[in-house]
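Here's the structure we're looking at; comments come further down.
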Amino acid sequence: MKKTILILMTLFAVATQAQEIKQIPQINVAGEGKIKVTPDYAIISIGVENTGADAAEVKKKNDATVDAVIKYLKSFKLAPADYQTKQVFLQKNYDYNKKKNTFVASQQISVTLRDLSKYDTLMMGLVDTGINNIQGVEFKSTKLAQYESEARKAAVVDAKAKALDYASALSQKVGKAILVSDNSQTNYPMPRMYAMEMKTSADAGMPKETLAIGEIEITANVTISFVLE
């Protein structure tokens, strides 16, 4: 008798649990929001590199150019926080064909330019100081947080529109959202790479427009589960 009661209680518990985990009719959709904006500042990566047979001489030559670069940036009225050394490099290389050592000294500097109209003037001045390496230009926006918020909202609107399309085809209605997953990844625009082809102001006149600013794209992705009614 006790065994029968125990079995009945177990069956009742299983039935109750099955009712509790009964799935709610729902639809899962992904949404994407894209905002294209004109950047308002740029990060320019520049470098100085020298090669020679004597390590101390190569380092001194490199340091002299870097000193001129930093003095020029100060005279350009850039804030101290807007330029920073990113890498200092000194390496010995052995040439097996010539049976001798050579030394390479380099330094990489990141420069933040907040007035893009001054790009040409800045770059020609830097070339005159002796830089011989331009790694790239990365465009950014000071209103990135605002644009990211707009992109997220646009992604939700896109997801809701898709859900309405599917529900309409099923002759059903879209209810409240029961799960929201942010699938966005932080993607920074790739720097634009430039070869060292600029001429100094002594060789030619100041170039007019050598920077294509274009637009940067801020993207947000979201997955939302809506109740189907």
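The values are calculated or read from the model by the stated rules, or taken from the named source; none is laboratory data. Just so it is clear, the model here is predicted, and its values are computed rather than measured. Using ideal geometry, Cβ is built from the backbone for each residue, glycine included, and neighbour counts are taken over all protein chains shown. These area figures cover heavy atoms from the full protein model, side chains too; ligands, DNA and RNA do not enter into them. Shrake-Rupley method; radii C 1.70, N 1.55, O 1.52, S 1.80 Å.
Looking at the calculated P(r) for the stretch 71-171, what percent of the C-alpha pair distances fall above 17 Å? Pairs farther apart than 17 Å: 71 percent.
Ordered by packing density, taken as the mean number of other Cβ atoms within 10 Å over each peptide's residues, highest first, how do 173-184, 39-50, 133-144 rank? All intermediate terms of the calculation are to be shown ahead of the outcome.
Numbers: 173-184: 12.7, 39-50: 19.3, 133-144: 16.9.
Sorting 173-184, 39-50, 133-144 by mean packing, highest first, produces 39-50, 133-144, 173-184.
Once the 1.4 Å probe is applied to the protein heavy atoms, the stretch 35-175 comes out at 56 Å² accessible per residue.
If R0 is 22 Å, what FRET efficiency do you get for LYS140 and PHE76 from their C-beta distance, rounded to 0.05? With R0 = 22 Å, the Cβ-Cβ based efficiency is 0.70. Using the average count of surrounding beta-carbon atoms within 10 Å as a protection proxy, the listed peptides 91-103, 214-226 rank, highest first, as 214-226, 91-103. Residues in the stretch 155-188 near a label at ALA30, defined as backbone nitrogen under 18 Å from the 7 Å Cα→Cβ point? Counting backbone N atoms under 18 Å from the label point, the list is 155-166, 179-187.
Each label was represented as a point 7 Å from its Cα along the Cα-to-Cβ direction; for ASP115 and ASN101 these points are 4.7 nm apart. Counting protein heavy atoms only, the stretch 70-189 has 50 percent of its accessible area on carbon and sulfur, 1.4 angstrom probe.
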